[in-house]
There are 2 protein chains.
Amino acid sequence: MTRVLQTLGLTTCPTDPSSLTRASEASGASGGIVCQMSMDDRATLEVAKVQARLGLAEGGIPIGAALVADDGAVLGAGHNRRVQLGSPIRHGETDALEAAGRLPARVYRASTMVTTLSPCDMCTGAILLYEIPRVVIGEHRTFLGGEAYLRSRGVEVVVLDDAECIWLMRDFIAANPALWNEDIGE
Amino acid sequence: MTRVLQTLGLTTCPTDPSSLTRASEASGASGGIVCQMSMDDRATLEVAKVQARLGLAEGGIPIGAALVADDGAVLGAGHNRRVQLGSPIRHGETDALEAAGRLPARVYRASTMVTTLSPCDMCTGAILLYEIPRVVIGEHRTFLGGEAYLRSRGVEVVVLDDAECIWLMRDFIAANPALWNEDIGE
């Protein structure tokens, strides 16, 4: 998997936080790939994972997200609500933004969007609209969204390759392929 | 204005439908700029404008949008509801998508998004997520959104340069600069 991602110009962070390295340092790469995973990223991913599990328990698509301030405060957390609200716009990230409510630009610009799954085009755009400078992603094996575009616009993207995020989506997609395709416009 | 837009590689359609030309034919351009304005575009823009006026009457930001099927049926119409709902994700286009509800991919792919204002990054992304092939824009003088990115992803973009859409936004921005900046993440 690592080789595949490197071919794509992407880098994942190790799943085990104890083996933390900065991928850009480890690889000696001079390019724009930055992977500054920290224990905090694992902790904030947990907030998004709680949301994903909640969505699954509600009969929905198990994707969760949280907008987190630079001091670690959770500004808003949410999950995909396509099924629950009949909504085509409440993805994990947009639901987290909605939960956070109206915020000044400076707050978004000092925040991180943490999401269990690589963000789709809409959620990529929402991150860009509010100039959120950093995105932490649980996994991008089951769906690869707008990560390259985010990086091209200067956003730091960290992929944690989290085992639970992967199986949550793999199991869900296997059991609900039509619903999943609807959610990604396929 | 036309000269400025041509410098940017953009083309506006004439405001008066009676002077309709296909800009790509008129200019002899071999590039990807396509401007197939029709009387129908003016009519569907009116649906979006009604929404913008409604938003203004509610004390909100006067931007409206509609998702329109290829037979002209309005699938959903909406307007910016930042003020009304305290929402950072209900822009005109996303509110129209929410109003349309859950739709099969084939419906989006045979539809047009009509909006009074050039779509921001989030709404650009929503259009791309659902592979909506055509976007009709009332104006892009007060705000230029993701039009170039839409075109780069194969979306047809038509700009009508509508006088009412322009003054609705000019008046609103002049009277509410902070609110407007909040809406575009500034």
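Coordinate-derived values only; no laboratory data. Values in this document were obtained by computation on a predicted structure and should not be read as measured data. Cβ sites come from the backbone with ideal geometry, for glycine too, and all protein chains shown count toward neighbours.
Miscellaneous remarks
- Whole-Å semi-axes of the ellipsoid equivalent to region A:93-186 (Cα gyration tensor, √5λ, descending): 24, 14, 12
- Taking 0.36 nm per residue of separation and subtracting the Cα-Cα distance, full extension of the segment from B:Arg109 to B:Ala175 would add 20.0 nm.
- Relative contact order (%) - region B:45-168, alpha-carbon pairs under 8 angstrom, separation at least six: 20
- Neighbour-count ranking [beta-carbon atoms within 10 angstrom, fewest first] of B:Glu93, A:Glu182, B:Glu186: B:Glu186, A:Glu182, B:Glu93
- Once the C-beta distance of A:Ala43 and B:Glu58 is scaled by a Förster radius of 51 Å, the resulting FRET efficiency is 0.80 to the nearest 0.05.
- Cα gyration tensor category, rounded, prolate or oblate, for region A:41-153 with a/c compared to 1.5: rounded
- Amide H contacts of B:Gly76: B:Leu67, each under 5 Å away and 5 or more positions distant or on a separate chain (H built 1.01 Å from N in the peptide plane; Pro and chain starts excluded).
- Estimated vicinal HN-Hα couplings, Hz - region A:80-97 in sequence order (Karplus 6.51, -1.76, 1.60; Gly, Pro = x): 4, 10, 3, 6, 5, 10, x, 9, x, 10, 8, 8, x, 5, 5, 5, 5, 5
- Backbone N under 18 Å from the B:Arg102 label point (7 Å along Cα→Cβ), restricted to region A:95-124: A:95
- Taken along the Cα-to-beta-carbon direction at a fixed 7 Å, the label points for A:Leu85 and B:Leu144 span 3.4 nm.
- In order along region B:181-186, phi translates into HN-Hα couplings of 4, 4, 5, 10, x, 9 Hz, rounded to whole numbers, per the Karplus curve 6.51 cos²θ - 1.76 cosθ + 1.60 with θ = phi - 60° and x for Gly and Pro.
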